[in-house]
Amino acid sequence: PATTRQLAASLRERFGVHFLDCPVSGGPRGATAGTLTCMLGSDDEAAADRVEALVQAFAKKVVRCGPAGSGHAVKAVNNAMNSA
């Protein structure tokens, strides 16, 4: 998540673009069945709104987790919980 936050800040400062992180949960079966869950992190609500419509084309559920890096943080927790 720290690297994601740094990358988002650098891209915003240098190029004026928004970087959003959006890891998925559900694996190949979820992708085939159309039941993926996406964890969306964004520093800009308008950018998240635009991207969410696209993500909903392949995901059953989109969870907005907070600023850039939050999606990766939630995915890491999800992976840790699933491996226990």
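Structure notes:
Per-residue answers, yes or no, for (1) exposed (fewer than 12 other Cβ atoms within 10 Å of the Cβ); (2) outside any strand (DSSP E or B); (3) of a type outside the set (S, T, Y):
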residue	(1), (2), (3)
A31	no, yes, yes
T37	no, no, no
D43	no, yes, yes
V51	no, yes, yes
L54	yes, yes, yes
K61	no, no, yes
H72	no, yes, yes
K75	no, yes, yes
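- The number of residues in region 13-29 being of a type outside the set (S, T, N, Q), touching a strand residue (DSSP E or B) at 6+ places or on another chain (Cβ under 6 Å) and buried (at least 18 other Cβ atoms within 10 Å of the Cβ) comes to 3.
- Residue under evaluation A31, criteria (1) in contact (Cβ under 8 Å) with a residue 24 or more places away in the chain; (2) under 19 Å from A9 (Cβ atoms), criterion not met: (2)
Only the coordinates and a few stated rules stand behind these numbers; no lab work does. Remember, it's a predicted structure, so these values are computed and weren't measured experimentally. Here the Cβ is made from the backbone with ideal geometry for all residues, glycine too, and neighbour counts use every protein chain on show.
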